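The values are calculated or read from the model by the stated rules, or taken from the named source; none is laboratory data. In this text the structure is predicted, and so the values were computed from the model without any measurement. Here the Cβ is made from the backbone with ideal geometry for all residues, glycine too, and neighbour counts use every protein chain on show. Please note that ligands, DNA and RNA were not included when accessible areas were found on the heavy atoms of the full protein model with its side chains. Shrake-Rupley method; radii C 1.70, N 1.55, O 1.52, S 1.80 Å.
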Amino acid sequence: MVFDPQMDENKPLAERVRPKNIEDLVGQNHVMGKDGILRKALEKGTIFSCILYGPPGCGKSSIAELIRKYVNAEFYSFSGALHGAAEIKQAMNRAQEMRRYGKQTVVFIDEIHRLNKAQQDLLLSRVEDGTITLVGATTENPSFEIIPPLLSRCRVIFLKPLSNEDLVRIMKKALIVDQKIANYGISVKEEVFESIAQLSQGDARFALNALEMAIETAKNMNEKVLDSKVLQASTSYKPQGYRSEEHYDFASAFIKSLRGSDPDAALYYMMRMVEAGEDPRFIARRMVILASEDIGLAEPMALLVAVAAAQAVEYVGLPECILNLAQAAIYLAAAPKSNSVYLAAQAAKEIAKRWANLQVPLFLRNPVTKMMKNVGYGDGYIYPHEVGGFVKRSYMPDELRKIKIYVPKEIGKEVNIKKRLEELWGKEKYSQEERK
């Protein structure tokens, strides 16, 4: 095939300036740096089955291209969104042929999370017997999207979002190496690089395409300098949001920050969720749960504040309800913490399961009929209000009279649910089977 420069120029800038060698790759130093596992493998001309897991624009496809260049193997590239079982089968049949001649076959599948279970099963046997080396790329958590047998035969390589410094380096380098952009003779101010990097949220593809769009806008406006005004005119915008599993990551970080009494972190994660489009009612519900689970009776008002915030969210809506959420988050983070309510509820649940056959003591039963009264229902019950409001006795079934379920927690004192239950009925009885 004859190379057509014009055809290459029609590709987006992000495609035109892909790294040609390991030294060109910016970022991911933990795996592509001097001592990185992927770099060491590529320098030896080898690769192992792996899943490249990271956010958009972090370098997954660029690493795959480096694998194609550095590894002496048949290389097949597929998209989980575009290709099906028929194409993959064809490649694996070819791989079996090449194996007879001692030739390695690498199968790269972008968006591998889009393959269904049957398609992933198809890959499994050939990865297992070494017919192919599988390299998958995904933005979704492999634990949820890749079938366990296939995942267990691949190494998961965690890739990070690129830093703003990395993005600026990539953009500046693109201006030098890309002939099409260089021919325009347009200089770019430092503030533009920084603005695009901030806007891109770690996504190099978005940063490069935004830069190209801004330069094209400057060219059309006959501007020789790309500044913030021209950048704004190019209307580059990256919608904020997060991947599906990050919903759980940010929710977890938010709750743990509240539990850890860090209002700054709690507000940061809360606003990240709001800016990503999270339903504010979800945030409010999590705070209502935390108010009882992690604060409880150490500050009873916490539950009222959390419930009030949840009601305010329903009543006010976005964007004003952010103030209600923020007020509640600060209050909950600053409140004293106790999980005594949670421990008591868990202990009560275990005890209810362990002694599910115990009967209510007769003195606590209502003698609704004459027969009930004759057999002892209500016998011995003392009405507390007739004796000063308190009767010193246990209302538990006889077998559980010595058990204490609710134990007020001293601030700073560690309480373990396992230890609590062992205290309730001894270590021997609290066996593995009983816990199950």
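Which residue, of SER62, SER77, is within 22 Å of ALA118 (Cβ to Cβ), without any contact (Cβ under 8 Å) to a residue 60 or more places away in the chain and either assigned to a helix (DSSP H, G or I) or of a type in the set (S, T, N, Q) (or both)? Working first, answer last.
Working: SER62 fails: within 22 Å of ALA118 (Cβ to Cβ).
Among SER62, SER77, only SER77 is within 22 Å of ALA118 (Cβ to Cβ), without any contact (Cβ under 8 Å) to a residue 60 or more places away in the chain and either assigned to a helix (DSSP H, G or I) or of a type in the set (S, T, N, Q) (or both).
Only residues that are within 18 Å of ASN209 (Cβ to Cβ), at pLDDT below 90, out of contact with any strand residue (DSSP E or B) (no Cβ under 7 Å at 6 or more places or on another chain) and not basic (Lys, Arg): list them for the range 162-193, please.
Answer for the range 162-193, where residues must be within 18 Å of ASN209 (Cβ to Cβ), at pLDDT below 90, out of contact with any strand residue (DSSP E or B) (no Cβ under 7 Å at 6 or more places or on another chain) and not basic (Lys, Arg): ILE176, VAL177, ASP178, GLN179, ILE181, ALA182, TYR184.
Do the conditions hold for PRO300, that is, is it closer than 17 Å to MET287 by Cα, without any contact (Cβ under 8 Å) to a residue 12 or more places away in the chain and of a type outside the set (Asp, Glu)? Walk me through it before giving the result.
On the way: closer than 17 Å to MET287 by Cα: yes; without any contact (Cβ under 8 Å) to a residue 12 or more places away in the chain: yes; of a type outside the set (Asp, Glu): yes.
Here the answer is yes, as PRO300 does meet what is asked.
Could you check how many residues of the range 19-62 are buried (at least 17 other Cβ atoms within 10 Å of the Cβ) and among the basic types (Lys, Arg)?
Residues in the range 19-62 being buried (at least 17 other Cβ atoms within 10 Å of the Cβ) and among the basic types (Lys, Arg): 2 in total.
Any idea how many residues of the range 198-225 are open to solvent by less than 30 Å² (accessible area, probe 1.4 Å) and either closer than 17 Å to CYS58 by Cα or out of contact with any Ser or Thr (no Cβ under 7 Å at 6 or more places or on another chain) (or both)?
11
Pull up the range 366-411, narrow it to residues that are in a loop (DSSP other than H, G, I, E, B) and among the basic types (Lys, Arg), then point me to the one that is modelled with the highest pLDDT. Walk me through how you get there before you give the answer.
In the first step, residues of the range 366-411 are kept if they are in a loop (DSSP other than H, G, I, E, B); the result is 366-369, 375-383, 388-397, 401-411.
Next cut, among the basic types (Lys, Arg) only: 392-393, 401-402, 404, 409.
Numbers: LYS392: 86, ARG393: 82, ARG401: 80, LYS402: 81, LYS404: 83, LYS409: 71.
Ranking the qualifying residues of the range 366-411, first place goes to LYS392.
Which one is farthest from LEU297 (Cα to Cα), of the residues in the range 330-347 that are open to solvent by less than 40 Å² (accessible area, probe 1.4 Å) and part of a helix (DSSP H, G or I)?
ALA347
Condition check ((1) more than 17 Å from the chain's Cα centre (by Cα); (2) assigned to a strand (DSSP E or B)) across all residues:
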residue	(1), (2)
PHE144	no, no
PRO149	yes, no
VAL156	no, yes
LYS160	no, no
ARG169	yes, no
LYS173	yes, no
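If I filter the range 362-376 for residues that are more than 30 Å from LEU267 (Cβ to Cβ) and touching a Leu at 6+ places or on another chain (Cβ under 6 Å), do I get at least one hit?
Within the range 362-376, the subset more than 30 Å from LEU267 (Cβ to Cβ) is 362-376.
Checking which are touching a Leu at 6+ places or on another chain (Cβ under 6 Å) leaves us with 376.
Yes, the range 362-376 contains at least one residue that is more than 30 Å from LEU267 (Cβ to Cβ) and touching a Leu at 6+ places or on another chain (Cβ under 6 Å).
Tell me yes or no: at least one residue of the range 413-425 is assigned to a helix (DSSP H, G or I), at pLDDT 80 or above and of a type in the set (A, V, I, L, M, F, W, C). Talk me through it step by step, then tell me what you get.
Here is the first cut: in the range 413-425, the ones assigned to a helix (DSSP H, G or I) are 417-425.
Those still in the list that are at pLDDT 80 or above too: none.
No, there is no match, as no residue in the range 413-425 is assigned to a helix (DSSP H, G or I), at pLDDT 80 or above and of a type in the set (A, V, I, L, M, F, W, C).
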